[in-house]
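Written below as structure tokens is the structure these notes are about.
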Amino acid sequence: MLRINLDMDVLRTLVTAQELGSFNRAADHIGRSQSAVSQQIRKIEEQVGEPLFHKQGRRLVLTDAGEVVLAYARRILDLNDEAVAAIRGRAIDGQVRFGLPADFAETWLPMALGRFKRAHPAVRIEAVVDRNRRLLERLDNGELDLVLAIGNGTRSDAHVLAPLPLAWIGPAVSKPVWVRGEPIPLAMYEPPCFFRQRALAALDKAALPWRIAFTSPSLHGLWAAVEAGLGITLRTAVGLPASLNVLTADLPAVAEPALPVCLHDGGRALDPTLTSLRSVIVETMAGKLRS
């Protein structure tokens, strides 16, 4: 049986086009013409013997075969990049102390840290999950080297990665949490909290009565209270448990509907180890928050 070797550059173009939403943007991103990108896609279609895209109105969307190839392309590229990083990163050692909020701690960011660890086996990673304010305090005190935080985009060391949309969140069950006309029960973090401030401001502006039904210092406690029907909350839908759902009816829009996700270094120079970790975090966040 003749074995076909898929072209790594073509696979990377396919993934880039899907992440950026168009061949035009992909062409600009990788520094090639649109015709060259189209030729690459035709090449891989010839290799697999199936069309990967079809027209839907004026847009090109993936076919079933395209979805399969895209999934494998991501896995192949991850292994390729991990292998290259592992060879280049063998000389990197030391320790990195990284802080992140609970919103990202249970989703895809630990996978990125695992990838970094496999690429740099001699590096010792200390990851700390805490509230944004506390993480930045520890960064400023020299207890952490890098911090991923929500909000705080006005800090001088803030490297803004993406806007993070806010959403009202309630239990996934269809039973309403409150009766219309009664104060809306809220499950919130303890103050100070960006989400709490914006939620209360939006409800007050809409002249909707509310009451704090549950206060928690942790995201685990917050999600548990919302799932139990004790109240609703305003948060990001990143990493939202399956038992919860985004609410749209009878709730006001938030004046600032998004908060920036920022990477902070405390204004200190980064050594090669931290520079490498920073690149992994930026790449991961950019790809996931764009999709």
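The values are calculated or read from the model by the stated rules, or taken from the named source; none is laboratory data. Model, not experiment: these values are computed from the prediction. A quick note on method: Cβ atoms are made from the backbone with ideal geometry, for glycine too, and the neighbour counts reach across all protein chains shown.
A compact table of results
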| item | result |
| --- | --- |
| Within segment 157-180, tally of residues that are touching a Gly at 6+ places or on another chain (Cβ under 9 Å), β-branched (V, I, T) and within 19 Å of A242 (Cβ to Cβ) | 2 |
| Qualifying position, being without any contact (Cβ under 8 Å) to a residue 12 or more places away in the chain, surrounded by fewer than 16 Cβ atoms within 10 Å (Cβ to Cβ) and over 30 Å from V96 (Cβ atoms), among A249, A228, A253 | A249 |
| Answer from K43, K55 - the residue that is of a type in the set (K, R), in a strand (DSSP E or B) and farther than 23 Å from T284 by Cα | K55 |
| The lone exception for R59 - which of (1) at pLDDT 80 or above; (2) more than 30 Å from E143 (Cα to Cα); (3) of a type in the set (K, R) it fails | (1) |
| Residue in segment 268-285 that is part of a helix (DSSP H, G or I), of a type in the set (D, E) and surrounded by fewer than 15 Cβ atoms within 10 Å (Cβ to Cβ) present | yes |
| Condition broken by L203, with the remaining ones in (1) modelled with pLDDT of 90 or more; (2) closer than 30 Å to D250 by Cβ; (3) touching a helix residue (DSSP H, G or I) at 6+ places or on another chain (Cβ under 9 Å); (4) not in a loop (DSSP other than H, G, I, E, B) satisfied | (3) |
| Matching residues in segment 215-230 - criterion: being in contact with a helix residue (DSSP H, G or I) (Cβ under 6 Å, 6 or more places away or on another chain) and not in a strand (DSSP E or B) | L219 |
| Residue match in segment 166-187 (condition: closer than 20 Å to L263 by Cα, surrounded by 14 or more Cβ atoms within 10 Å (Cβ to Cβ) and in contact (Cβ under 8 Å) with a residue 24 or more places away in the chain) | yes |
